[in-house]
Amino acid sequence: MIQVLFVCLGNICRSPITEGIFKDLVREKGLEAIIQCDSAGTAAYHIGSLADKRMRKVALAQGIILTHCARQFSDKDFNDYNYILAMDQSNYEHIRKKGLRGDGSYLPEQQLYLYRMFDPKRGSSVNVPDPYYEEIAAFEEVCEIVKRSGIAFLDFIIKKHNLTI
């Protein structure tokens, strides 16, 4: 089983939509028995909350119902997930520092990625923008970004693990 975790700050905007879209992409390829995913936040602001209502609305327009309840990223996640994908540089660094081992080494580099590195249209930006304080258009933009990134990331996993579709 390949386990994937998407991580943003509060786990109510970017990571839940990423989880929902990625699950949909995995289902479309018939790989749900091989690839599973979840999402988390580096902060504890919204533990137990559903995704932001604006993000749920944008997801529903894509045919995706977000039912995930926010949770905080934990040390246990390093052992439970093959891939941890941060939505921005700040969360990436938070996770990376959390993964510091007693011997001074970090978690395996192949485990932690910036999600937007997979976006074929990213340009110079490596961050999925946080739409929380923005209008609905920002949520729609995030949805487009994470879908493009999800398609490319799923292709990466399929090739890396020699999965048959």
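The values are calculated or read from the model by the stated rules, or taken from the named source; none is laboratory data. The structure presented is a predicted model; accordingly, all values stated were derived computationally and were not measured. Positions of Cβ are backbone-derived with ideal geometry, glycine not excepted, and every protein chain shown enters the neighbour counts.
Within region 13-34, residues that are at positive phi sit with their Cβ atoms under 7 Å from residues that are exposed (fewer than 15 other Cβ atoms within 10 Å of the Cβ) and modelled with pLDDT under 95, at 6+ positions apart or across chains, in these pairs: G30/I165.
Elements of the type helices (runs of 4 or more DSSP H) sitting completely within region 7-110 and holding at least 1 residues that are within 29 Å of T164 (Cβ to Cβ): these cover 14-28, 76-80. At pLDDT below 95 and among the small types (G, A, S): which single residue out of G123, G150 fits that description? Of the residues listed, the single one that is at pLDDT below 95 and among the small types (G, A, S) is G123.
Taking the condition touching a strand residue (DSSP E or B) at 6+ places or on another chain (Cβ under 6 Å) and surrounded by 12 or more Cβ atoms within 10 Å (Cβ to Cβ), does Y113 pass? Yes: the conditions hold for Y113. Filtering region 125-143 to residues that are assigned to a helix (DSSP H, G or I) and either touching a Ser or Thr at 6+ places or on another chain (Cβ under 9 Å) or surrounded by 14 or more Cβ atoms within 10 Å (Cβ to Cβ) (or both) leaves A138, F139, E140, E141, V142, C143. Criterion first (among the polar types (S, T, N, Q), part of a strand (DSSP E or B) and in contact (Cβ under 8 Å) with a residue 60 or more places away in the chain) does Q3 satisfy it? Yes, satisfied.
When F78 is tested against (1) in contact (Cβ under 8 Å) with a residue 40 or more places away in the chain; (2) surrounded by 14 or more Cβ atoms within 10 Å (Cβ to Cβ); (3) touching a strand residue (DSSP E or B) at 6+ places or on another chain (Cβ under 9 Å), only condition (1) is not met. Restricting attention to region 43-57, the residues that are touching a Cys at 6+ places or on another chain (Cβ under 9 Å) and loosely packed, with under 13 Cβ neighbours inside 10 Å add up to 1.
Restricting attention to region 21-67, the residues being in contact with a helix residue (DSSP H, G or I) (Cβ under 6 Å, 6 or more places away or on another chain) and of a type in the set (S, T, N, Q) number 2. Contact map, region 128-140: residues that are touching a residue at least 12 places away in the same chain (Cβ under 8 Å) and at positive phi paired with residues that are buried (at least 17 other Cβ atoms within 10 Å of the Cβ) and part of a helix (DSSP H, G or I), Cβ distance under 9 Å, separation 6+ or inter-chain. No pairs are found.
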